[in-house]
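Okay, structure first, notes after.
The values are calculated or read from the model by the stated rules, or taken from the named source; none is laboratory data. Not measured: the values here are computed from a predicted model. Quick reminder, even Gly has a Cβ in these numbers, built from the backbone with ideal geometry, and neighbours come from all protein chains shown. We work out accessible area using only protein heavy atoms, side chains counted, and drop any ligands, DNA or RNA first. Shrake-Rupley method; radii C 1.70, N 1.55, O 1.52, S 1.80 Å.
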There are 2 protein chains.
Amino acid sequence: MSSLQAPSLATLIDWFNRLPGVGRKSAQRLAYYVLSMSEEDAKMFASAITEAHQKIHRCAKCCNLTDEELCPICKNVKRDKTIICVVEDPKDVAALEKTQEYSASYHVLHGVISPLNGIGPDQLTIKELVKRINEDNVSEVIMATNATAEGETTAVYISRLLKPLGVKVTRLAYGIPVGADLEYADEVTLIKALEGRREI
Amino acid sequence: MSSLQAPSLATLIDWFNRLPGVGRKSAQRLAYYVLSMSEEDAKMFASAITEAHQKIHRCAKCCNLTDEELCPICKNVKRDKTIICVVEDPKDVAALEKTQEYSASYHVLHGVISPLNGIGPDQLTIKELVKRINEDNVSEVIMATNATAEGETTAVYISRLLKPLGVKVTRLAYGIPVGADLEYADEVTLIKALEGRREI
């Protein structure tokens, strides 16, 4: 089979196949699509990849991805710098910003503590977070890592690290998603919802 | 939201979003993945796109994609050149080759007749097919376009065009897929299966 494919086509399929969630068949479809683009479009697509890679780096303060020294949120003087919401990924910042309800700052860890995958606290941006606590008179750190075992471990690790610095550490509330049926909620979510119950 | 994204990141997300089957969320995930690649890998990915685009073109004979003058199948002297299987896409050649049961040649139309999408016979490689019939002493043309309305129309159109040239035109058999349950077959497939019944 693969002997029939031109080497440069096979190489392109291999590259698409390396992307997350792209299987062999999809990779083939994407590669054929690229071949059907105009030459100019293909060049622009290719240069979009190299350009984004060259220009985008971590914000000097919150470690979110940006093409400037500081990201737009860290540069914005209206955002409260004394409250920091700690998330795993840049995508989580995007999700929280969509709510338009949060007006303080973020800190992007770029992962979670995961001994199985060989990721310890040193590979995350925890040092940078501690530095901010000391510099910016931070009053509260909201741990918004995912509700997974690893996200939980990371939240506990960071809260133990920060408490001696005299900063309040909170965690996002976990429970039944709005609009969902009790009947279909998994047990762990139900336990979390019971634990987190509030007076009405 | 998008004002928070660096322009070069937004551009890259847009490009991925243009690929078939890649929605906004997946495009974001793919773009972040590209940013997490090493710089060398990102450059190689980008050059795989431009290189494939520059090198790959249509085979001078069968119009399949290749990086040489003739594709490996057309160059192969062992393949029967008097039988031509006509398919819509290069992907279809790959699917038929996987069976390892077909040892003649192909012709890739690069589409189907689709008036709704403004695609007429002239945009397909029908001219090139007719030229081969005249040149290569072709005895049979197997129409293997998809079993859709457009694939069917294209098969009928081409068979009417070729019959005056004294060539036998056949169509792939349609019916119940092997291993499938009668109960779940759609009506049109069942009708095709009844029409195409054979004595055992």
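Let me know the longest stretch in chain B that avoids all GluC sites (Glu not before Pro) found in a DSSP loop with at most 11 other C-beta atoms within 10 Å.
Result for the longest clean stretch: B:102-198.
For chain B, averaging the sequence separation of C-alpha pairs within contact (under 8 Å, six or more residues apart) and dividing by the residue count gives a relative contact order of 13 percent. Charge dipole of segment B:71-199 (Cα centre as origin; +1 on each Lys and Arg Cβ, -1 on each Asp and Glu Cβ, all else neutral): 660 debye, rounded to the nearest 20.
Calculate the dipole size of the protein assembly as shown relative to its Cα centre from +1 charges on Lys and Arg beta carbons and -1 charges on Asp and Glu beta carbons; express the result in debye to the nearest 20.
Working: 48 positive and 54 negative charges, 88 e Å.
Using only the charged Cβ atoms, the result is roughly 420 debye.
Panel note: the C-alpha atoms of segment B:2-55, placed on their principal axes, show extents of 36, 25, 16 Å (largest first).
For segment A:114-200, chymotrypsin sites (Phe, Trp or Tyr not before Pro) are listed when DSSP marks them as loop and at most 16 other Cβ atoms sit within 10 Å of their Cβ; the list is A:TYR174. Scaled against 2.2 N^0.38 Å for its residue count N, the alpha carbon radius of gyration of chain A is 1.31. Taking every protein chain into account, the 1.4 Å probe leaves B:ASP92 with about 40 Å² of accessible area, to the nearest ten.
Tell me, what is the percent relative contact order of segment A:93-180, built from C-alpha pairs under 8 Å that lie six or more residues apart? Don't skip to the answer; put the middle values down first.
Working: 66 pairs, mean separation 21.6, N = 88.
Taking the mean separation of contacting Cα pairs over the length of segment A:93-180, I get 25 percent.
Give me the 1.4 Å probe accessible area per residue for segment B:2-55, excluding ligands and nucleic acids, in Å². Intermediate values should be presented prior to the final figure.
Working: 2520 Å² over 54 residues.
Value for segment B:2-55: 47 Å² per residue.
Neighbouring Cβ atoms from other chains, within 10 Å of the Cβ of residues in B:61-70, number 2 on average. In this rough spin-label picture, where each label sits 7 Å from Cα along the Cβ direction, the B:LEU172-A:THR153 distance is 4.9 nm.
Per the rotation superposing chains B and A, the chain B residue found at the smallest beta carbon distance from the axis is B:ALA46, 2, distance in Å. Dipole size of segment A:1-79 about its Cα centre, with +1 on Lys/Arg Cβ and -1 on Asp/Glu Cβ: approximately 500 debye, rounded to the nearest 20.
Dividing the convex hull volume of the alpha carbon atoms of the protein assembly as shown by its residue count, what do you get in Å³ per residue?
Numbers: hull volume 90.0 nm³, N = 400.
Residue-normalised Cα hull volume stands at 225 Å³.
Of the cross-linked pairs B:LYS98/B:LYS192; A:LYS75/B:LYS43; A:LYS25/B:LYS61; B:LYS61/B:LYS127, those separated by over 19 Å at the C-alpha level are B:LYS98/B:LYS192; A:LYS75/B:LYS43; A:LYS25/B:LYS61.
The calculated FRET efficiency for the pair A:GLU135 and A:GLU97, based on their C-beta separation and a Förster distance of 22 Å, comes to about 0.40. Loop-located trypsin sites (Lys or Arg not before Pro) in segment B:28-113 (DSSP state not H, G, I, E or B) with no more than 12 neighbouring Cβ atoms inside 10 Å: B:LYS78. The trypsin sites (Lys or Arg not before Pro) of segment B:99-200 that DSSP puts in a loop, and whose beta carbon has at most 14 other beta carbons within 10 Å, are B:ARG197, B:ARG198. Peptide B:34-44 is shielded by partner chain Cβ atoms: per residue, an average of 4 of them sit within 10 Å of its Cβ. Across identical copies of the chain, A:LEU182 has label-point separations of 4.8 nm, listed in ascending order, with the point defined 7 angstrom from Cα along Cα→Cβ. Buried accessible surface for the B/A pair, both sides summed and rounded to the nearest 100, is 4800 Å² with a 1.4 Å probe.
Once every DSSP H run of n ≥ 4 in chain A is given -39500 (n - 2.57) and the sum is divided by its residues, what mean residue ellipticity at 222 nm do you get, rounded to the nearest 500 deg cm²/dmol?
Details: 8 runs with 88 residues, N = 200.
So the helix-based figure for chain A works out to -13500 deg cm²/dmol.
Each of A:ILE113, A:PRO72, A:SER159 was placed along the dipole of segment A:71-199 (beta-carbon charges, centred on the mean Cα), and the one lying farthest toward the positive end is A:PRO72.
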